[in-house]
Amino acid sequence: MKKLLLNPFEKISETKLLLFGIAITLIGSYLGYMFHGRFIGIFSFKTNDEVILTQSLIDNGIDLFSITLFLFFFGRIINKKTRFIDILIPSLVARLPIYLLAFTNTNNFIADLSNSLMSNLDVKNPAAFHIETADLIILLVFAAISIGSLVWSVTLLFKGFKIATNCKTSNHTLLFATGIILAEVLSQTLIYLINY
Amino acid sequence: MIPKLPIHCPSCSDSLSVSQLKCENCQTTVSGNYSLPFYLRLSEEEQHFILQFFMTSGSLKEMATQMGNSYPTVRNKLDDIIEKVKKLKSESA
């Protein structure tokens, strides 16, 4: 079970994983639309007042394009035999934990909480900011869920990248880290420029 | 039970070589110092992998299905064995 959740790429065939990846991308886009959230970066989820379904699909398309582009480029540097499909699959599957974050905004829960906190904040007098204990606990739980999702997503992506490229050294890990940082920057920039 | 052919010295872990061969029919023994062929210097698992590769006519896809692994996992295993054989070859050259 642990292997299935953290490294499905070792055992499961590429056809099954590709179909699963496409399915979760479509479902994830719908979740973003349904729970009023946007995936504005490869590891980012942001609540939004109104989300159009096509906008959510385009966001995820840009995220996938960015991550696949950089990881394939660095993958080919590490190992010339790296195949596009072996990079595309982890890029699709690793977004599952990020899509699941949409559930945290059920009934605009997180968005309402964040709006009420922001309305309490007086920029001229930040020392007067007050937060209820219950709200603080909710925020901490949300932060823990977000960090957990991020770790799960990066783990999936790294395990998939490792199998796709047969990378072994720490320099290869460094290239992977560079790839995901560049992909995050590119996806956020492209979404800001063409899909806002 | 078929005993496993030891390829490393149990005392110092260095590679073992063949020093004696015997004909089971006439009991003739040949003594000398012969190095093990590359195939025998691989681990049992790697030898099994090569045999499977041969039996599937080199189809990694078919091997992946038979082994219950994904295609890139099988390809990586093959690449690792190729690297190991290259290393063994350069060591013995």
Original post:
Can you run phi through the Karplus equation (6.51, -1.76, 1.60; θ = phi - 60°) for region A:10-27 and list ³J(HN,Hα) in whole Hz, with x for Gly and Pro?
Top reply: 6, 10, 7, 5, 5, 5, 4, 5, 5, 5, 5, x, 5, 4, 6, 5, 5, 5
**OP:** Would you mind calculating the gained length between B:M67 and B:K84 on full extension (0.36 nm times residue separation, minus the Cα-Cα distance), in nm to one decimal?
**Re:** 4.0 nm
Subject >> Size of region B:10-93 as Cα extents on the principal axes (Å, biggest first) >> reply: 47, 32, 25
**OP:** For region B:57-77, list whatever residues lose no less than 30 Å² of accessible surface once every protein chain is in place, relative to that chain by itself, with the probe at 1.4 Å.
**Re:** B:N69, B:S70, B:Y71, B:P72, B:T73, B:R75, B:N76
Subject >> Solvent-free Debye scattering, log10 I(q)/I(0), computed from the Cα coordinates of the protein assembly as shown at q = 0.08 Å⁻¹ >> reply: -0.52
Original post:
Taking Cα pairs under 8 Å and at least six residues apart, what relative contact order does region A:2-194 come out at, in percent?
Top reply: 33 percent
Subject >> Separation in nanometres of the label points that stand 7 Å from Cα toward Cβ, at A:K2 and A:T173 >> reply: 1.8 nm
Original post:
Tilt of helix A:53-78 relative to the longest C-alpha principal axis of chain A, in degrees (0 to 90, nearest 10)?
Top reply: 40 degrees
Subject >> Estimated distance in nm for a label pair at B:T56 and A:I137, the labels positioned 7 Å out from Cα along Cα-to-Cβ >> reply: 5.4 nm
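Using a Förster distance of 25 angstrom, determine the FRET efficiency expected from the C-beta separation of A:I147 and A:E50, and round it to 0.05. Spell out each step's value before the answer.
On the way: r = 28 Å, r/R0 = 1.11.
E(calc), rounded to 0.05, equals 0.35.
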Subject >> Virtual spin-label span in nm between B:C9 and B:Y34, 7 Å along Cα→Cβ >> reply: 2.1 nm
Original post:
Pick from A:F129, A:F72, A:F142: which is most flexible by mean-square fluctuation in a GNM of chain A where alpha carbon atoms under 10 Å apart are linked?
Top reply: A:F129
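In deg cm²/dmol and to the nearest 500, what is the mean residue ellipticity at 222 nm of chain A if only DSSP H runs of at least 4 residues count, each as -39500 (n - 2.57), divided by the residue total? If you can, show how the numbers build up before the last one.
Numbers: 8 runs with 137 residues, N = 196.
When only DSSP H runs of four or more count, the value is -23500 deg cm²/dmol.
Enter the accessible area per residue of region A:2-194 (Å², integer; probe 1.4 Å; all protein chains in place). Present the calculation step by step, with values, prior to reporting the outcome.
Values: 10300 Å² over 193 residues.
Value returned for region A:2-194: 53 Å² of accessible area per residue.
The values are calculated or read from the model by the stated rules, or taken from the named source; none is laboratory data. Remember, predicted model here, so these are calculated numbers, not experimental data. With ideal geometry, Cβ positions are generated from the backbone for all residues, glycine too; neighbour counts draw on all protein chains shown. Keep in mind that these areas ignore ligands, DNA and RNA; they rest on the heavy atoms of the full protein, side chains included. Shrake-Rupley method; radii C 1.70, N 1.55, O 1.52, S 1.80 Å.
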